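Structure, as structure tokens:
The values are calculated or read from the model by the stated rules, or taken from the named source; none is laboratory data. As the structure is a prediction and not an experimental result, all values here were calculated from the model. Cβ coordinates were reconstructed from backbone atoms using ideal geometry, including for glycine residues, and neighbour counts include every protein chain displayed. The protein model used for the area step is the full one, side chains on, heavy atoms only, and it has no ligands, DNA or RNA in it. Shrake-Rupley method; radii C 1.70, N 1.55, O 1.52, S 1.80 Å.
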Amino acid sequence: MPTGAPALLDRWNALLIRCGATADPAPYGRDLLGRWAEPQRRYHTTAHLTAVLDHVDALAGYAENPDAVLLAAWFHDAVYRPDRSENEERSAQLAARALREAGLAEESTAEVVRLVRLTASHHPEPGDRNGEVLCDADLAVLGGPPEAYAAYAAAVREEYGFVPDDAFRTGRAAVLRQLLDLPALYRTPAARERFGTAARANLFAELTALT
């Protein structure tokens, strides 16, 4: 198991039991941790999972159902292949299968699946408090110190190592512009205050370097 996996597995087990699972949560947690440790990952690793879970915990007061957001965090990049475009949808389908099999209520499962799909756009509708917390937690990396952001960007480039430089620059620039064009990068007041200014500076700096 990857570094930190026992502690993560404990967090998963407690969460799934709290959410009403009728099956042993451990096999599902081990499967997820195995997915997050796949060799093609450089940024989308258990370190990213841990960071998102921690940010969700910090922003939990803004969510309607913090546990549903935590479950969505566990699944949001559980299926990740850099050469494919349907990762969020496949992750959502995995969540639906696993949570139903584990015995969670259909309403809870449906909310987790909806939230996982939302990470394809990071554009929650106004009033979607669960979606706002998940998206803010997932995008918190953009608002880190410049050196941390540079490490994140370098890890993303490694994941797309099979893409030629010119094509990567074009595609990455499009992603950065999409983020900058969002009505707001962060929706919760705490995330806006903590990450907003730094995130825009980091995104603009990377976009300038790419173009």
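Residue pairs whose Cβ atoms lie under 6 Å apart, sitting 6 or more positions apart in sequence or on different chains, and linking a residue in region 195-211 that is under 17 Å from D138 (Cβ atoms) to a partner that is outside any helix (DSSP H, G or I) and open to solvent by less than 90 Å² (accessible area, probe 1.4 Å), are F195/Y186; G196/Y186; A199/L185.
In region 60-166, counting only helices (runs of 4 or more DSSP H) that sit wholly within it, the ones holding 1 or more residues that are under 14 Å from the mean Cα position of the chain (by Cα) and within 24 Å of T208 (Cα to Cα) span 129-139, 146-159.
If you go through region 128-140 one residue at a time, do you hit one that is in contact with a Cys (Cβ under 7 Å, 6 or more places away or on another chain), crowded, with 16+ Cβ neighbours inside 10 Å and not charged (D, E, K, R)?
Just the residues of region 128-140 that are in contact with a Cys (Cβ under 7 Å, 6 or more places away or on another chain), to begin with: none.
No, every residue in region 128-140 fails to be in contact with a Cys (Cβ under 7 Å, 6 or more places away or on another chain), crowded, with 16+ Cβ neighbours inside 10 Å and not charged (D, E, K, R).
Say whether the condition of being within 21 Å of I17 (Cα to Cα), touching a residue at least 12 places away in the same chain (Cβ under 8 Å) and among the aliphatic types (A, V, I, L, M) is met by at least one residue in region 73-89. The answer is yes; a qualifying residue exists.
Taken together, D57, D77, D83 contain a single residue that is open to solvent by 50 Å² or more (accessible area, probe 1.4 Å), closer than 22 Å to L185 by Cα and charged (D, E, K, R), which is D57.
Looking only at residues of region 141-171 that are more than 23 Å from W74 (Cα to Cα) and β-branched (V, I, T), we find that the one that is most open to solvent (accessible area, probe 1.4 Å) is T170. Can G127 be described as small (G, A, S), touching a residue at least 24 places away in the same chain (Cβ under 8 Å) and at positive phi? So G127 does not fit the description; no.
Just to be sure, is L49 touching a Phe, Trp or Tyr at 6+ places or on another chain (Cβ under 6 Å) and without any contact (Cβ under 8 Å) to a residue 60 or more places away in the chain? Lay out the reasoning, then the answer.
Working: touching a Phe, Trp or Tyr at 6+ places or on another chain (Cβ under 6 Å): yes; without any contact (Cβ under 8 Å) to a residue 60 or more places away in the chain: yes.
Yes, satisfied.
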